[in-house]
Structure formats: structure tokens, C-alpha cells
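The values are calculated or read from the model by the stated rules, or taken from the named source; none is laboratory data. It should be emphasised that the depicted structure is a prediction, and the values quoted were computed from it without experimental measurement. Heads up, the Cβs are rebuilt from the backbone with ideal geometry, glycines too, and the neighbour counts pull from every protein chain shown.
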Amino acid sequence: MTHALLRLAADHPSTRGHFPGNPIVPAAVLLDEIIAAIERVHARPASELVVKWAKFLRPVRPGDTLALELSQVAGGVIRFHCRAGALEVITGLVQA
């Protein structure tokens, strides 16, 4: 099992207008950050990684720091879990 921290900029341009008065980080940005972390940790190019599925359990806010937990499972699949504090916010599988 591997751990990493994802720090999401409070002023990330994708959060402007997503949603006014109640900003959240878009799912595409979150998945991009997760893929980049897997790329760094597992030394695999992003072009070889495919998100098999992802479940978004709670909104992620600009400025949040996420604790990412990666674990290798059978067949080159990497399971991920992201937490903001004690709350799980995203879980899923990536095929490597």
C-alpha cells in the first residue's frame, strides 16, 4: 500500500463557476490528480493508465488536501481511496 497527499489549489481555475457560491473541484480535475499521483508512485506513464471506475462520495472543495491510498490488486489493477480528513470522498480502480 502506498500513500500520497494531493493538495488542491484554493484558486484552481476550474472551480470558478463550478458552482458560484458553493465551489467544488470537478471530477475530471480530481481524476487527473489521481492519475498523476499513480504515474509518479508507480513510474507508469499516464498514457498506460485507464480509469476502470470511480465513485465520488462527497464534494471536494477548493483548497482541500486529500490523502490518497493506493493498493495493487490482481491483474495490474490499482485500487485508490481518497479522504478529506476522516471522510472518504472518492474511490475507484485504475488499470495499469
- Query: Going through region 18-64 one residue at a time, which ones are among the basic types (Lys, Arg) and closer than 20 Å to residue 84 by Cα?
  - Reply: 55, 58, 61
- Flag for residue 47 being more than 17 Å from residue 32 (Cα to Cα) and out of contact with any His (no Cβ under 6 Å at 6 or more places or on another chain): no
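From the list 90, 78, 34, pick out the single residue that is hydrophobic (A, V, I, L, M, F, W, C), over 25 Å from residue 10 (Cα atoms) and crowded, with 16+ Cβ neighbours inside 10 Å.
Numbers: 90 fails: over 25 Å from residue 10 (Cα atoms); 34 fails: over 25 Å from residue 10 (Cα atoms).
Result: 78 is the single residue among 90, 78, 34 that is hydrophobic (A, V, I, L, M, F, W, C), over 25 Å from residue 10 (Cα atoms) and crowded, with 16+ Cβ neighbours inside 10 Å.
Regarding residue 56, is this residue at pLDDT 95 or above and either in contact with an Asp or Glu (Cβ under 8 Å, 6 or more places away or on another chain) or more than 22 Å from residue 9 (Cβ to Cβ) (or both)? Before the answer, list the steps.
Details: at pLDDT 95 or above: yes; either in contact with an Asp or Glu (Cβ under 8 Å, 6 or more places away or on another chain) or more than 22 Å from residue 9 (Cβ to Cβ) (or both): no.
So residue 56 fails the test.
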- Task: Specify the residue that is farthest from the chain's Cα centre (by Cα); the eligible residues are those in region 18-30 that are touching a residue at least 24 places away in the same chain (Cβ under 8 Å) and crowded, with 16+ Cβ neighbours inside 10 Å.
- Result: 23
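Among the residues in region 40-48, are any surrounded by fewer than 14 Cβ atoms within 10 Å (Cβ to Cβ), in contact with a helix residue (DSSP H, G or I) (Cβ under 6 Å, 6 or more places away or on another chain) and either assigned to a strand (DSSP E or B) or of a type outside the set (D, E, K, R) (or both)? Give the derivation first.
Applying the first criterion (surrounded by fewer than 14 Cβ atoms within 10 Å (Cβ to Cβ)) to region 40-48 yields 40, 43, 45-48.
When the remaining residues are screened for being in contact with a helix residue (DSSP H, G or I) (Cβ under 6 Å, 6 or more places away or on another chain), the result is 46.
From the residues that got through so far, the ones that are either assigned to a strand (DSSP E or B) or of a type outside the set (D, E, K, R) (or both) too are 46.
Scanning region 40-48, I find at least one residue that is surrounded by fewer than 14 Cβ atoms within 10 Å (Cβ to Cβ), in contact with a helix residue (DSSP H, G or I) (Cβ under 6 Å, 6 or more places away or on another chain) and either assigned to a strand (DSSP E or B) or of a type outside the set (D, E, K, R) (or both), so the answer is yes.
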- Query: Is there any pair with a first residue in region 54-75 that is over 12 Å from residue 91 (Cα atoms) and without any contact (Cβ under 8 Å) to a residue 60 or more places away in the chain and a second that is assigned to a helix (DSSP H, G or I) and of a type in the set (A, V, I, L, M, F, W, C) whose Cβ atoms are under 8 Å apart and which are 6 or more apart or on different chains, and what are they?
  - Reply: 60/30
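Could you tell me whether region 32-39 includes any residue that is under 11 Å from the mean Cα position of the chain (by Cα), assigned to a strand (DSSP E or B), among the acidic types (Asp, Glu) and modelled with pLDDT of 95 or more? Can you show your working first?
Looking only at region 32-39, we keep the residues that are under 11 Å from the mean Cα position of the chain (by Cα), and these are 32-38.
Imposing the further condition that a residue be assigned to a strand (DSSP E or B) reduces the set to none.
Checked region 32-39: no residue is under 11 Å from the mean Cα position of the chain (by Cα), assigned to a strand (DSSP E or B), among the acidic types (Asp, Glu) and modelled with pLDDT of 95 or more.
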